[in-house]
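Novice: Below you will find the structure I want to go over with you.
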Amino acid sequence: MDTRLGKLLVHKGIITPEQLQKAIEEQRQHGGLLSVHLVKLGCFTEDELLAYVQKEYRLPTTDLRGLEIPDEVIQLIPHALVTKYLFVPIAQSSSTLTLAMADPSNPVAVEEVKFLTGADVKIVLTTISSIQWAIERFYDRAMKYDQVLNDLRGQDVEVVKDQGEIDLQELERATEDAPVVRCYRPRGFTTCSTNLPVGAWPTISPFSITNAPRRKVITGTPFTLRPSHSE
């Protein structure tokens, strides 16, 4: 447990020793960063914390919301590490990796990244919620998707049109040489191939598929997932 930031905040008169002790107790019970618990306890807001840390460490700030981080950068740091220290890798240039952090006071986090990647580390500051957004956007969803793909490996699903919603025959006539779309899904479903024009290719989201029939609306096109009766 690192309390450098907490001690600095007490020294500057931003929080009281009692508030720091309460945050430390919460950290011991629930884990996570001390700064997160200080915000939860109402000692200051995220923006106030960011302003203090920026003034203390003289580091640039950024907002990760809406930022597109390359997959090859995300893959440099495992999910367990970014959630443990609450940071996100956002860019790599030559031998330097840029990390967005809310609390740069813990040198252990930076040293672990250096050891893992062999890169120099540049730090930019952002809010706690901004980092949490980025972790959800670039790590959690990707992990769920990969898990679904692994679970569905070797299993099939049939995708059929929702009657009255879309005319697949009309779409098929749009091109004779359209690529074939094959969708694979949970056990009890079979594969169907549908000739669609490129602009009408459906993308089937795996996150809410169960063995029960249900409708999914994907890229504006309704489909019904239907169990196979041929098995």
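Taken together, the values in this text are just the output of simple stated rules run on the coordinates, not laboratory data. Worth saying up front: this structure is predicted, and the values here are computed from it rather than measured. With ideal geometry, Cβ positions are generated from the backbone for all residues, glycine too; neighbour counts draw on all protein chains shown.
Novice: In the calculated pair distance distribution of the range 1-71, what percentage of Cα-Cα distances lie above 14 Å?
Specialist: 62 percent
Novice: Hull surface divided by four, with the convex hull built on the Cα atoms of the range 71-150: how many nm²?
Specialist: 5.1 nm²
Novice: On the Cα set of the range 30-127, report Rg and Dmax in Å, please.
Specialist: 13.4, 41
Novice: Any chance you could run the full-extension gain for LYS114 through THR96? It's 0.36 nm times the residue separation minus the Cα-Cα distance, nm to one decimal.
Specialist: Between LYS114 and THR96, full extension yields 5.5 nm more.
Novice: Which of LYS7/LYS40; LYS12/LYS55; LYS22/LYS55; LYS40/LYS84; LYS22/LYS122; LYS12/LYS122 have a Cα-Cα distance over 21 Å?
Specialist: Beyond 21 Å: LYS22/LYS55; LYS22/LYS122; LYS12/LYS122.
Novice: Only loop residues by DSSP count here, and only those with at most 13 other Cβ atoms within 10 Å; note down the trypsin sites (Lys or Arg not before Pro) in the range 29-105 that meet that.
Specialist: Counting only loop positions with at most 13 other Cβ atoms within 10 Å, the trypsin sites (Lys or Arg not before Pro) in the range 29-105 are ARG58, ARG65.
Novice: Arranged by the count of other C-beta atoms within 10 angstrom, fewest first, what order do PHE44, PHE87, PHE115, PHE138 take?
Specialist: PHE115, PHE44, PHE138, PHE87
Novice: Still on this structure, I have one more. Around ILE123, which amide H atoms from residues at least 5 apart in sequence, or from another chain, sit under 5 Å from its own amide H, with H modelled in the peptide plane?
Specialist: Those qualifying (amide H under 5 Å, at least 5 residues apart or on another chain) are LEU99.
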